[in-house]
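To start, the structure under review is shown below, and the notes come after it.
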Amino acid sequence: MKRASRLSDAVLADLPATWGRPDYDRGQPCGVVHLGTGAFHRAHQAWYFDALTAAGHRGWMIRGASLRSADVAQAMNPQDGLFTMLVCDDGQETAQVVGSVREVLFAPDNPAALVRALADPAVALVTLTVTEKGYCLNPVTCALRKDDPAVAADIANIAAPQTAPGYLVAGLAARRAEGTAPFTVLSCDNLPENGQRTRAAVIALAAAIDPALAQWIAAEVAFPSSMVDRIVPATTPDDRDNFESAAGWRDEALVKTEPFAQWVVEDWFCNRKPALDAVGVTFTRDVSGWERAKLRLLNGAHSAIAYLGGLAGHTHVHHAMAAPGFGALIDALWDEAGSTLDPVEGFDPAAYRAQLRARFANGALMHRTHQIAMDGSQKLPQRWLRTIQDYRKAGRGVPPALTLALAGWMRWQGGRDDAGASFVVDDPLAAELAAALARAGGDSAAQVRSLLSIGAIFGDALPADAEFVAALTRSYIAIAEHGAGASVRAFAATRS
């Protein structure tokens with residue numbers, strides 16, 4: 001069968017009149033470099049900058065960069081950086097072609113090209129979606145992992161960086177040497193105080209290379225924090241094929257998302273500031289409350305659904321949410337997490353929870369539990385562990401829903417679901433986690449203790465909390481003996 005024409009500038013005029021499309025000058029300067037041009041960036045930050053540029057604000061086109069895989073560059077560059085965003089709601093789907101990305105560099109092929117892009121005086125802002133592990137920080141101590149091979153390589157040769165902090169240091173070093181004002185560095189990853197963490201990683205790496213550069217970065221560069229919120233499931237080959245059949249155009253960079261989108265940004269910039277508030281972004285003096293609420297309510301619930309739902313055989317989030325017991329589990333988790341949150345001006349927890357329930361039930365998204373389950377060792381501290389510690393410090397006892405969720409994550413490391421089907425544990429610490437289970441043999445209590453001994457995830461406080469460890473072990477044994485699905489149903493029965 002003949003393949004349909006590929007999306008590109010040349011075919012924009014032929015797209016259906018009902019589609020949104022860029023009608024602005026796409027040749028204007030790139031004011032943004034983005035590290036990590038994955039699906040989330042395309043459906044979130046690129047969409048916001050598309051709206052900003054369409055509203056007449058010039059100089060905010062994006063030059064993207066992929067640091068690990070050439071797939072996105074190979075998908076987007078033949079399409080002139082264009083991609084289609086499908087907004088999926090139950091029973092409804094709308095299409096918009098987003099034009100804010102000029103091109104995507106594949107950094108490993110030519111590190112110098114990305115450093116030159118970062119040094120371009122037209123660039124005022126660098127944004128990042130490189131996932132939690134991309135910052136090369138210990139998830140417990142937040143210190144730069146100088147023993148990481150890629151970080152060590154950056155220290156030895158910053159002219160050819162390998163990590164996101166390395167590229168930021170190299171780009172800022174080039175600007176300092178050339179007398180160019182620094183760019184603002186804006187993290188858009190799900191990390192608490194993500195601006196401060198990015199700043200810490202960059203300054204620590206710079207200090208290992210050139211202390212004077214580190215001092216200049218500390219004094220001159222802004223690292224605002226931000227909170228991003230939009231559910232963006234992975235696009236499958238079937239999604240692309242179905243879109244081609246329906247639309248008559250091939251789009252290798254297609255993304256799917258939900259109607260809801262939110263971006264809250266700390267108002268701290270050291271270069272030109274994009275007027276993103278004109279297109280719905282919230283600028284604020286303090287993002288921390290928003291960050292904490294989103295991490296503990298949305299992301300914490302998502303991870304619980306991913307591990308317990310995935311073990312129970314539910315492929316997608318909406319299937320898990322419709323299964324017996326899961327609604328009660330998530331309500332209980334929200335109660336526990338919500339009790340650890342301080343009030344935030346403009347944030348309504350009850351309304352947010354209602355929105356989340358509706359968003360999780362959106363079957364059109366087909367959001368896979370296994371996608372959410374990736375890189376759990378990097379996500380646990382900010383999504384669950386600090387919540388559990390805060391709950392304990394408040395004297396509320398052991399939080400049962402969060403404890404069951406953590407037991408589900410532990411059971412996930414065995415790589416088999418309730419039905420005995422095997423799966424790959426996709427995690428940067430997968431080998432260490434598997435070794436911890438192997439050391440414990442078949443003893444469930446020993447397995448819990450062995451996993452808790454991994455300091456890079458759990459630190460010291462929770463493993464030393466005997467009451468918590470006992471409750472966690474009971475939940476883990478229940479899942480091992482009866483399955484995650486039955487354990488969730490049993491949990492819900494105690495809540496009725």
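The values are calculated or read from the model by the stated rules, or taken from the named source; none is laboratory data. All values derive from a computational prediction rather than experimental measurement. With ideal geometry, Cβ positions are generated from the backbone for all residues, glycine too; neighbour counts draw on all protein chains shown.
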When residues of the stretch 273-292 are limited to those that are among the charged types (D, E, K, R) and surrounded by fewer than 16 Cβ atoms within 10 Å (Cβ to Cβ), the one modelled with the highest pLDDT:
Asp277
Go through the residues of the stretch 177-188 one by one and say whether even a single one is hydrophobic (A, V, I, L, M, F, W, C) and either in a helix (DSSP H, G or I) or at pLDDT below 95 (or both).
yes
Scanning the stretch 398-425 for residues that are touching a Phe, Trp or Tyr at 6+ places or on another chain (Cβ under 9 Å) and without any contact (Cβ under 8 Å) to a residue 24 or more places away in the chain, the one surrounded by the fewest Cβ atoms within 10 Å (Cβ to Cβ) turns out to be Arg416
Count of the stretch 365-397 residues which are farther than 17 Å from Ile305 by Cβ, aliphatic (A, V, I, L, M) and surrounded by fewer than 23 Cβ atoms within 10 Å (Cβ to Cβ):
2
So, Thr340, is that one surrounded by 18 or more Cβ atoms within 10 Å (Cβ to Cβ), part of a loop (DSSP other than H, G, I, E, B) and assigned by TED's automatic domain parsing to the domain that holds Ala464 or not?
yes
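Before we move on, is Ser475 touching a Ser or Thr at 6+ places or on another chain (Cβ under 7 Å) and part of a helix (DSSP H, G or I)?
yes
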From the list Ala350, Ala323, Ala394, exactly one residue is hydrophobic (A, V, I, L, M, F, W, C) and in contact with a His (Cβ under 8 Å, 6 or more places away or on another chain). Which is it?
Ala323
Being within 24 Å of Phe106 (Cα to Cα), crowded, with 19+ Cβ neighbours inside 10 Å and of a type outside the set (D, E, K, R) is true for just one of Pro139, Pro149, Pro161. Which residue is that?
Pro161
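Let me confirm something: among His314, His302, His318, His367, which residue is touching a Pro at 6+ places or on another chain (Cβ under 6 Å) and in contact (Cβ under 8 Å) with a residue 40 or more places away in the chain?
Exactly one of His314, His302, His318, His367 is touching a Pro at 6+ places or on another chain (Cβ under 6 Å) and in contact (Cβ under 8 Å) with a residue 40 or more places away in the chain, namely His367.
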Quick check: is even one residue across the stretch 338-353 closer than 18 Å to Phe423 by Cα and either in contact with an Asp or Glu (Cβ under 9 Å, 6 or more places away or on another chain) or charged (D, E, K, R) (or both)?
no
Failed item in (1) in contact with a strand residue (DSSP E or B) (Cβ under 7 Å, 6 or more places away or on another chain); (2) at pLDDT 95 or above; (3) among the charged types (D, E, K, R), with Arg240 passing the rest:
(1)
Going through the stretch 130-151 one residue at a time, which ones are closer than 17 Å to Gly36 by Cα and β-branched (Val, Ile, Thr)?
Val130, Thr131
I need the helices (runs of 4 or more DSSP H) fully contained in the stretch 208-318, keeping only those with at least 1 residues that are out of contact with any Gly (no Cβ under 9 Å at 6 or more places or on another chain), of a type in the set (S, T, N, Q) and farther than 20 Å from Arg357 by Cα.
211-220, 237-247, 288-293
Mind checking which pairs have a first residue in the stretch 98-110 that is more than 15 Å from Ala43 (Cα to Cα) and a second that is of a type in the set (S, T, N, Q), Cβ under 7 Å, 6 or more apart or different chains?
Glu103/Asn77; Val104/Thr37; Val104/Ser66; Val104/Asn77; Phe106/Ser66; Ala107/Ser66
Out of the strands (runs of 3 or more DSSP E) lying entirely within the stretch 78-149, which hold 1 or more residues that are within 21 Å of the chain's Cα centre (by Cα) and hydroxyl-bearing (Ser, Thr, Tyr)?
83-89, 125-128
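Within the stretch 293-325, can you find the residues that are aromatic (Phe, Trp, Tyr) and surrounded by fewer than 21 Cβ atoms within 10 Å (Cβ to Cβ)?
If the condition is that a residue be aromatic (Phe, Trp, Tyr) and surrounded by fewer than 21 Cβ atoms within 10 Å (Cβ to Cβ), then no residue fits.
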Quick check on Val32: is it hydrophobic (A, V, I, L, M, F, W, C) and either assigned to a strand (DSSP E or B) or farther than 20 Å from Ala95 by Cα (or both)?
yes
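Matching residues to (1) of a type outside the set (Ser, Thr, Tyr); (2) farther than 30 Å from Arg357 by Cβ; (3) buried (at least 16 other Cβ atoms within 10 Å of the Cβ):
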| site | (1), (2), (3) |
| --- | --- |
| Thr53 | no, yes, yes |
| Trp60 | yes, yes, yes |
| Pro78 | yes, yes, no |
| Ser100 | no, yes, yes |
| Phe106 | yes, yes, yes |
| Pro111 | yes, yes, yes |
Condition set over 30 Å from Arg296 (Cβ atoms) and among the polar types (S, T, N, Q), scope the stretch 180-233, selection surrounded by the fewest Cβ atoms within 10 Å (Cβ to Cβ): answer is Gln215
Report yes if Leu35 is in contact (Cβ under 8 Å) with a residue 60 or more places away in the chain, surrounded by fewer than 23 Cβ atoms within 10 Å (Cβ to Cβ) and not acidic (Asp, Glu), otherwise no.
no
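Conditions tested, residue by residue: (1) assigned by TED's automatic domain parsing to the domain that holds Glu258; (2) part of a helix (DSSP H, G or I); (3) surrounded by 24 or more Cβ atoms within 10 Å (Cβ to Cβ); (4) within 26 Å of the chain's Cα centre (by Cα).
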residue: Pro16; (1), (2), (3), (4): yes, no, no, no
residue: Gly27; (1), (2), (3), (4): yes, no, no, no
residue: His41; (1), (2), (3), (4): yes, yes, yes, yes
residue: His57; (1), (2), (3), (4): yes, no, no, no
residue: Arg68; (1), (2), (3), (4): yes, no, no, yes
residue: Gln74; (1), (2), (3), (4): yes, yes, no, yes
